[in-house]
1. Can you name the residue in chain B whose Cβ lies closest to the B-to-A rotation axis, and give that gap in whole Å?
2. From largest accessible area down, sort A:TRP589, B:TRP210; use a 1.4 Å probe on the protein chains.
3. Which whole-angstrom value gives the distance between the alpha carbon centres of segment B:610-685 and segment A:144-197?
4. What residues does segment B:573-614 have that are buried by at least 30 Å² of accessible area in the full protein assembly compared to the chain on its own, 1.4 angstrom probe?
5. Longer than 20 Å from Cα to Cα, which of A:LYS159/A:LYS415; A:LYS251/A:LYS659; A:LYS251/A:LYS602; A:LYS298/A:LYS318; A:LYS283/A:LYS585 are they? Say none if no pair is.
6. List, shortest first and in nm to one decimal, how far the label point of A:ASN300 (7 Å from Cα along Cα→Cβ) is from its counterparts in the other copies.
7. With a cut-off of at most 10 other beta carbons within 10 Å, and DSSP calling the residue loop, which trypsin sites (Lys or Arg not before Pro) in segment A:113-191 qualify? Please list them.
8. Mean Kyte-Doolittle hydropathy of 0.0 or higher plus an axial Cα length of 15 Å or more: which whole DSSP H helices in chain A meet both?
There are 2 protein chains.
Amino acid sequence: MKKSLMILFVVFATVASFAVEGMFPLNELHNLDQKKLEKMGLQIPLSEIRDNVSKAVVSLGGGSGSFVSKDGLIVTNHHVAYGAIQYNADKTHDYITNGFYAPSFDKELPAPGYHADIILSVKDVTGTINKAVKKGMTDKARFKAIEDAIKRLESDVEKSNPHLRASVASMYQGRQYLLFTKLRLRDIRLVYAPPAAIGEFGGDEDNFEWPRHTGDFSFLRAYVGPDGNPAAYSKDNVPYHPDHFLAISIKPLKKGDFTFILGFPGSTNRYMTSNQLDFYLNKQIPLRLQLFNDIIDKLNKIGSESKTNQIRVAFWVKMLNNSMKYYQGVYDGLRRDEAVVLFQKRDADLQKWIETCKSGSQYKGLIQSIDNVNDKIKPIANKLTIMGYMRLIPTFSTAGTLTRWAEEKAKPDLKRDPAYMDRNIPRLQMRLKSMQRNLLVESDITLMKYFLHQMAKLPKNQWPETFKKAFKTVPEANLSSAIDKKVEDMYAATGLANMVTRMKYFAMNKKELAKVNDPLLKFGGDFADEIKALRDQNESLAGALSRLKPQLIDLIHAYSNNELYPDANSTMRFTYGSIMGYSPKEAIWYRPFTTLAGVVEKETGKTPFASPKKLLELYRDKDFGTYGDPALGGNVPVDFLTDNDTTGGNSGSPTLNGKGQLIGLLFDGNYESISADYYFNPALTRSIVADADYMVFILAKFSNAQNLLKEMTIIQ
Amino acid sequence: MKKSLMILFVVFATVASFAVEGMFPLNELHNLDQKKLEKMGLQIPLSEIRDNVSKAVVSLGGGSGSFVSKDGLIVTNHHVAYGAIQYNADKTHDYITNGFYAPSFDKELPAPGYHADIILSVKDVTGTINKAVKKGMTDKARFKAIEDAIKRLESDVEKSNPHLRASVASMYQGRQYLLFTKLRLRDIRLVYAPPAAIGEFGGDEDNFEWPRHTGDFSFLRAYVGPDGNPAAYSKDNVPYHPDHFLAISIKPLKKGDFTFILGFPGSTNRYMTSNQLDFYLNKQIPLRLQLFNDIIDKLNKIGSESKTNQIRVAFWVKMLNNSMKYYQGVYDGLRRDEAVVLFQKRDADLQKWIETCKSGSQYKGLIQSIDNVNDKIKPIANKLTIMGYMRLIPTFSTAGTLTRWAEEKAKPDLKRDPAYMDRNIPRLQMRLKSMQRNLLVESDITLMKYFLHQMAKLPKNQWPETFKKAFKTVPEANLSSAIDKKVEDMYAATGLANMVTRMKYFAMNKKELAKVNDPLLKFGGDFADEIKALRDQNESLAGALSRLKPQLIDLIHAYSNNELYPDANSTMRFTYGSIMGYSPKEAIWYRPFTTLAGVVEKETGKTPFASPKKLLELYRDKDFGTYGDPALGGNVPVDFLTDNDTTGGNSGSPTLNGKGQLIGLLFDGNYESISADYYFNPALTRSIVADADYMVFILAKFSNAQNLLKEMTIIQ
């Protein structure tokens, strides 16, 4: 009595074309149906993708990239390379506004902080991890045992060779553990960036939107030491020669063309129970939306007071707006798809199968057990969310960081919270220094008051301990003013807003720090300790889930008899599909191609819709060289849509045709796809790709970057 | 060397399908190409439309309607019948929320204020008018002579028979004058209205938008006295029997189907010179948008102070938002089409033709003469606009009305400003009484200050005389506070906010009114006198244009050799086209049909996107009877798009198929078509029609209005 879950999942699809769900790890590619993919347009063996094409793909930390020449040239998104452009830009070299082009190797600029990871090997270490888990362990001990085993595996690799980075990834929520050994190239340089008016055309306004007209691409280059080993930046370094690089095809594309994408999607959560999804959608997201909305209002008000304020809050407002759009997208999408109802139906079907079929009996009570864990989180969830978002107050969160660091630094490296292991300390130190630039004590005070007022609104038995300690004796009528006064007093007395004092605290050990008389440091430290304790409590729950969730995956697998795939977790994935439009709403159809005509149509003369004069002139004169597409009225294509399954972290991923040639760079998903992190709706989930043809057109006709064009293999 | 202007006009069209420009008067139908229309799908002679079908079409004042039964049943838009529904609704009979259905004649409800005009005859009176214009007359005298001749012609008809209404329409800006003689049916009753959740689904948010899902239809019935003559409401009246009524076809429609529309489009202005268009677009519209925006902000602020305030300002805010969207649409559309550049090119071509061709020489200097008239308006335009919008202050505008009425009432009826002729006085009196309901002195004071501050910002030589008199001695530094003080003093002392006082003033003659000591009455009266004087000045300009504009039309006609048509002026027009989607922006395509699925997709549970429970259930159960369309997935069609040329006043117009059967009711245009009032872009101008199939579905499955269904001729 096996049914296909997938059939249930497409009930709400309303158009004839369906996206292909699945982000497949390379070690599972052999499970895919080569014949089916060939029918769709794949022209090379899947083993060729696994063993060869994938060697051209690198992880750049927050994004993905790919080699496009034998000399280590990497193409990625403009927004992935943004830090490298920003680092090198100043008033006289405004590379953000004007773009950048190094016509020769020696003109390329360093990009400190950037690295490119190349996967050398993948090893299944499930056995090692499982051996560390002893029978009868508490869930908390189980969690710790797994964490320790992972740290040890990673450390062993990294100690054996300083050029390597190791990471153990939990696949299928702990059903399998894979050890990835990566070569980390540390000398990355900026080679080419278009003007922001091309590279981020549309800006935040177009974020998650289609039709899109962004030339979101840039070029970096990986260098290694003269001995061929990874090295920090040095003039003597030489370009890295990758095992494989991608050819670029700029032949016209058409609807239905096969596409596959290789990259490092960050995180999805598609194996929830309906109980989990319901709580997340209907309780946790609305609270977050409310918090974000309130905070943005408050920051905007502060920003409206002066130009300086406006600049300082701008970063946070932008970030919060992006987060809010993300959560709103999840909310809208899951409601639109009635995902909770679908999940409830699935859980009921699973339950029925468990109860009526012999092979299901081993899963008896499983869903209930998972929900029991989930139910333990519910009473503390609001408290945790509010406390968690207090990290948005830089001075306050610093108090926590300093307190935790003083605690952790006393431990041996391997025993520390991973965030405080030696490998991560230099970055932490830099962050504590650089935060000074955007510090605005006024906004910290406002937000601190806001968060404490939110806590005051919680039922008293949900009050955080630190909050209770501070205010339990205050009569309810005076609570609001007592909160305001305490916050003002703390900020009047704290040294955390001063960089020198802050770094002095950073150098202290636990005992020294405890002696400092700084009320905000103390208050923030207490909160950090309390969050740590709650997190320990969560570790016990996480340990329980690491037991239960693999069984849920097994259950779904057994019931549906379908090929599954693990949730995204920043490991390399293969996803396939084709070029495909969609209908976002009844009576509206989105074509999967945009062109330069659409760039001009959006032109307002104001950022983010102001194109460079030269680009407008190229359009006016129809000076498209050989880059126009007759099927698009002779126009130059700019972006296109595919139905590949991708998510954040995939940014910059090479999008390839059936021959394994690069045809574009993934840089976003559509608004309707945001909820696909939780439930994949094949009718609406689309990836947004910057067309390689536009990239080459810009290089050739706009930037005259002849050397770059010569270096790459471009198929016309 | 004759060229087609129309070719110039479609240069910017970007899709293959073009809307059909032209709102043709019935007396010019014989000029259209019957063969061409038959090729498009017309199946009856144009003469049949003129002589027969048009007899089913009535003007309902602000909108259009049509007879759909032998017993005077009229179908029109819900928003056209809204006043009739509102008049009959109270707390226990909430016909707005719940809708209304009279299952028999005796249950039908009176709709005072409504009338239906049926055109009896159309006579060309150009000769009579031209005879009134003497050679050597000043432009002002010319204007007056034409106005007087028109009044006389209209009065002659109306005096000959009290059941008739007459109106002389200036066609082609004065090239031709037509006398329309109409039978005015005065006993109009409400027969059926759907709930507002169907009839105005989408509300203001969807105004001018596609995709649209509004069931914008209602039914009225015309009654006459037992003698068959028009009569005021009486129980003894009997249903009117029209000469012709429309059959209703609910056969499935498809893209490309021929459509024609008969109705009373209100106003277009498509024969401007480029100088006129440039001034209107780049000077007058931006000032209006600024004024509206400021006023809405101020009203919203007042509205936020209390629930009462909110209700009182709501009407004005809604009206101003609609106006603002209209002007913004004109602005966006004309900029999008680069209409000024197109008009400049056309004017240059006309000028060249005038200068180089023999037949053009008679138009020498014509465009310059028109522009000279236009240039005379420019220096006073801002002043006039600001003064004009002061009518938005009810108490202030009443001061002007009372002052003008005291002046005009002394004159014989035929010599008065038409607004103050006896035929219009009862309505005026009612308005002055009913304004009390929404009066909010606080908002009048705020707006009055705002307008006077705007005047203060004008160059001193553009200050209105009344303003100058009040403030000329005030030093500039004190001007702002002096304005505020004067406004507050006037409102402290005025009786205009009091209904009894206001109606006392209304009864006074000029001498009596002059003796009243009411500062706001005096101030507003002075402004009204000044506006009158400026209008007199405008009459001279209007007189000049009535000489020049017909020549411009002749010139364009001679040059382009194309069939032209007069601007819309609330006379009956025929426009043809077909069912057709469009592309509002690159990569987006709008399909020309929406369905009940889209209604459900928009459902939020909150007005204006909350559907009645029963409708949602009909959808859930797919209980569509015979009304679903297989081509739309079996769904019930709701609205559709055509490329007919329509504008405001067309609301409720019957949309007909090639056989002259009603297939829907026009109720809106798309946002991109708003600018078509000035320049018609065939690629983007679309009409939005409520599908007759949805109407019949609602009557049958939602309201079970069996008697209505039986009364009509429905072709399935």
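1. Nearest Cβ to the rotation axis, residue and whole-Å distance: B:TRP589, 2.
2. On the way: A:TRP589 90, B:TRP210 10 Å².
Of A:TRP589, B:TRP210, the descending order of accessible area is A:TRP589, B:TRP210.
3. First find each Cα centre; the distance between them is then 58 Å.
4. B:GLU586, B:ALA587, B:ILE588, B:TRP589, B:ARG591, B:GLU601
5. Working: A:LYS159/A:LYS415 16 Å; A:LYS251/A:LYS659 12 Å; A:LYS251/A:LYS602 26 Å; A:LYS298/A:LYS318 13 Å; A:LYS283/A:LYS585 27 Å.
From A:LYS159/A:LYS415; A:LYS251/A:LYS659; A:LYS251/A:LYS602; A:LYS298/A:LYS318; A:LYS283/A:LYS585, over 20 Å: A:LYS251/A:LYS602; A:LYS283/A:LYS585.
6. Those label-point separations list as 1.0 nm.
7. Details: sites: A:LYS123, A:LYS131, A:LYS134, A:LYS135, A:LYS140, A:ARG142, A:LYS144, A:LYS151, A:ARG152, A:LYS159, A:ARG165, A:ARG175, A:LYS182, A:ARG184, A:ARG186, A:ARG189; in loops: A:LYS134, A:LYS135, A:ARG175, A:ARG186.
In loop regions of segment A:113-191 (DSSP not H, G, I, E or B), the sparsely surrounded trypsin sites (Lys or Arg not before Pro) are A:LYS134, A:LYS135.
8. Span-like helices in chain A: A:285-303, A:366-389, A:441-457.
The values are calculated or read from the model by the stated rules, or taken from the named source; none is laboratory data. Model, not experiment: these values are computed from the prediction. Positions of Cβ are generated from backbone atoms using ideal geometry, with glycine treated the same way; all protein chains shown enter the neighbour counts. These area figures cover heavy atoms from the full protein model, side chains too; ligands, DNA and RNA do not enter into them. Shrake-Rupley method; radii C 1.70, N 1.55, O 1.52, S 1.80 Å.
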